[in-house]
């Protein structure tokens, strides 16, 4: 049985969100009204509603970095992750944490990058050589 994850959150501008999630990230737009829009977020559903985005702060300790908490994102295989990193960089998005590898040579080795959407919602994208390594210990 295949399960999909759903996340609904606030954005301040639906048109800016459409340009970012649809144009930059490449997510397919789904249903919408005047106050919300759905996207296929790498195989999962996100619903962006007009409102005040959740508060976040750089309080998450990961290695030598403090990352925004809370945050959400997607885990991709490395070729897709590198392509996304290139699109985000080409779009001029400012990185909170530049694309980089962490846990190199260890179980769970992964590439990561953090940035915000136009409403300030923090996103993390992870890249793995194999998705079988996501939970490696």
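Rounded to the nearest 5, the antiparallel percentage of DSSP beta bridges internal to the stretch 57-133 is 75%.
Using a Gaussian network model of the chain in which every pair of alpha carbons under 10 angstrom is joined by a spring, one finds that among 112, 35, 12 the greatest mean-square fluctuation is at 35. When only C-alpha pairs under 8 Å and at least 6 residues apart count, what is the relative contact order of the stretch 6-50, in percent? Result for the stretch 6-50 is 47 percent.
Ranking of 47, 119, 3 by neighbouring Cβ atoms within 10 Å, starting from the fewest: 3, 47, 119.
Peptides 21-27, 102-108 ordered by packing proxy, namely the average of other Cβ atoms within 10 Å per residue, highest first: 21-27, 102-108.
With neighbours defined as other Cβ atoms within 10 Å of a residue's Cβ, the residues 109, 77 order from fewest to most as 77, 109. When both bridge partners sit in the chain, DSSP labels roughly 70% of those beta bridges antiparallel.
Values in this text are rule-based calculations from the coordinates and carry no lab data. Just so you know, these numbers come straight off a predicted model, no measurement behind them. For neighbour counting, all protein chains shown are included, and Cβ atoms are generated from backbone atoms with ideal geometry for every residue, glycine included.
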